[in-house]
1. What pairs can you find where one residue is in the stretch 176-190 and among the small types (G, A, S), the other is assigned to a loop (DSSP other than H, G, I, E, B) and within 10 Å of the ligand (Cβ to nearest atom), and their Cβ atoms are less than 9 Å apart, with a gap of 6+ or different chains?
2. For residues that are assigned to a strand (DSSP E or B) and either hydroxyl-bearing (S, T, Y) or within 16 Å of the ligand (Cβ to nearest atom) (or both), tally how many sit in the stretch 157-176.
3. Against the definition (basic (K, R) and over 29 Å from G304 (Cα atoms)), how does R111 come out, yes or no?
4. Within 12 Å of the ligand (Cβ to nearest atom), at pLDDT 95 or above and crowded, with 21+ Cβ neighbours inside 10 Å, is that true of E225?
5. Any residue at all in the stretch 74-83 that's of a type in the set (A, V, I, L, M), within 60 Å of the chain's Cα centre (by Cα) and assigned to a loop (DSSP other than H, G, I, E, B)?
6. Going residue by residue through the stretch 186-204, is there one that turns out to be within 16 Å of F140 (Cα to Cα), surrounded by fewer than 20 Cβ atoms within 10 Å (Cβ to Cβ) and at pLDDT 95 or above?
7. Among the residues of the stretch 272-283, is there at least one that is over 19 Å from Q254 (Cα atoms), touching a helix residue (DSSP H, G or I) at 6+ places or on another chain (Cβ under 6 Å) and modelled with pLDDT of 95 or more?
8. Identify, from the list A112, A70, the residue that is assigned to a helix (DSSP H, G or I), over 25 Å from the mean Cα position of the chain (by Cα) and touching a residue at least 40 places away in the same chain (Cβ under 8 Å).
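The values are calculated or read from the model by the stated rules, or taken from the named source; none is laboratory data. Given the structure is predicted, the values throughout are model-derived calculations rather than measurements. Backbone-built Cβ (ideal geometry, glycine too); neighbour counts: all protein chains shown.
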Amino acid sequence: MSDLDALLQAAQADFAAAPTPAELENAKARFLGKSGRVTELMKGLGALSIEEKKTRGAEINQTKVAIEAALTARRDALAAAELEKQLKAEALDVTLPGRQRGTAGLHPITRAMERIEAIFGSMGFDVADGPEIETDWYSFSALNNPENHPARSMQDTFYVDMKDENGSWLNLRPHTSPMQIRYAQAHAKRYAGQETMPEIRVIAPGRTYRVDSDATHSPMFHQVEGLWVGENISFKDLKAVYLNFITAFFETDQLQLRFRPSYFPFTEPSAEIDIMFESGPLKGRWLEVSGSGQVHPQVIRNMGLDPERYIGFAFGSGIDRLAMLRYGVNDLRAFFDGDLRFLSQFK
Ligand code: PHE
């Protein structure tokens, strides 16, 4: 074997033995570097004759090209091995079961509200929204509450540490009834000066607040206010509308409605609405679901309307109560604990 063949073999063996790209570069330097073995051979050419130089030079060059080819081959092999290693490490097992993305559901109170809005919408009621921080006038005075009415007292109503322009403390609305006034006022204003005014027919669902907390009362709860005012709206309309609503809400005709005389400053006469299921687990029990009544003339006046001309009814129902009855929940607090084991049942 010629010395050049031996050199090529040595280089190939060295390259093959280099386990990493860095060590391969060291091996390269030993053969092709400035003082590497190939370079040394080239330097030796100077001592030869012109003829010898030609042949020997060409041979050394061939060897050099072969060594470079061996180097490139080893570089590629190392890179391929590295890639292989990485792919193995990041291997994806496509047979594993996929990770599921949880599907969210609407809160039961939201679902109940949407039902209520859809049912009253089908009866031609508008849906209105209003502020939860109210003035004394909208929460109480406009609703014909006497100055000393207990609903105003600190025991029932949450007050906000801020006063309105009349110097009265703002409150967290204890009922949705202020929306009767707000909506009717805007309506009266819109049609002021016109010969006829379309009827006011609206529901206003939303959050309400009272200082109260037990299994059936939460300091934050939900009501839906209803108001229908026109020139000839009577209690029989209230009965028809409410019966239609409640049978649609519970999807059953197997229930009865009862209007029990009551008192609210803003309605006269006033009634509590009770329902009784004729079948199912709650069969035979009267359950209170709403306050209601014919809108008091003074309240009609506070809306900016003439009580000699306009008359109507209002009701205020507890949405949480309706949701509890519909979904069979017996502790109101479950709605507001945020426990996903409870909430995830409503999808
Ligand atoms: N606002 C009353 C309540 O919260 C309910 C009600 C509304 C009664 C409208 C009559 C008319 O108890």
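1. Hits for this filter: S177/F266.
2. Let us first name the residues in the stretch 157-176 that are assigned to a strand (DSSP E or B), namely 159-163, 169-172.
Applying the additional criterion that residues be either hydroxyl-bearing (S, T, Y) or within 16 Å of the ligand (Cβ to nearest atom) (or both) yields 159, 171-172.
Total satisfying the criteria: 3.
3. Values: basic (K, R): yes; over 29 Å from G304 (Cα atoms): yes.
Considered against the rule, which asks whether it is basic (K, R) and over 29 Å from G304 (Cα atoms), R111 comes out as yes.
4. Judged against the criteria, E225 is a match.
5. Our first condition is that a residue be of a type in the set (A, V, I, L, M); within the stretch 74-83, this holds for 77-81, 83.
Cutting the leftovers down to within 60 Å of the chain's Cα centre (by Cα) gives us 77-81, 83.
Filter once more, so that each one left must be assigned to a loop (DSSP other than H, G, I, E, B): none.
No, the stretch 74-83 contains no residue that is of a type in the set (A, V, I, L, M), within 60 Å of the chain's Cα centre (by Cα) and assigned to a loop (DSSP other than H, G, I, E, B).
6. Kept after step one, since they are within 16 Å of F140 (Cα to Cα), are these residues of the stretch 186-204: none.
For the stretch 186-204, residues within 16 Å of F140 (Cα to Cα), surrounded by fewer than 20 Cβ atoms within 10 Å (Cβ to Cβ) and at pLDDT 95 or above: absent.
7. Narrowing the stretch 272-283 to residues over 19 Å from Q254 (Cα atoms): 272.
Checking which are touching a helix residue (DSSP H, G or I) at 6+ places or on another chain (Cβ under 6 Å) leaves us with none.
No, there is no match, as no residue in the stretch 272-283 is over 19 Å from Q254 (Cα atoms), touching a helix residue (DSSP H, G or I) at 6+ places or on another chain (Cβ under 6 Å) and modelled with pLDDT of 95 or more.
8. Details: A112 fails: over 25 Å from the mean Cα position of the chain (by Cα).
Selected residue: A70, the only one of A112, A70 that is assigned to a helix (DSSP H, G or I), over 25 Å from the mean Cα position of the chain (by Cα) and touching a residue at least 40 places away in the same chain (Cβ under 8 Å).
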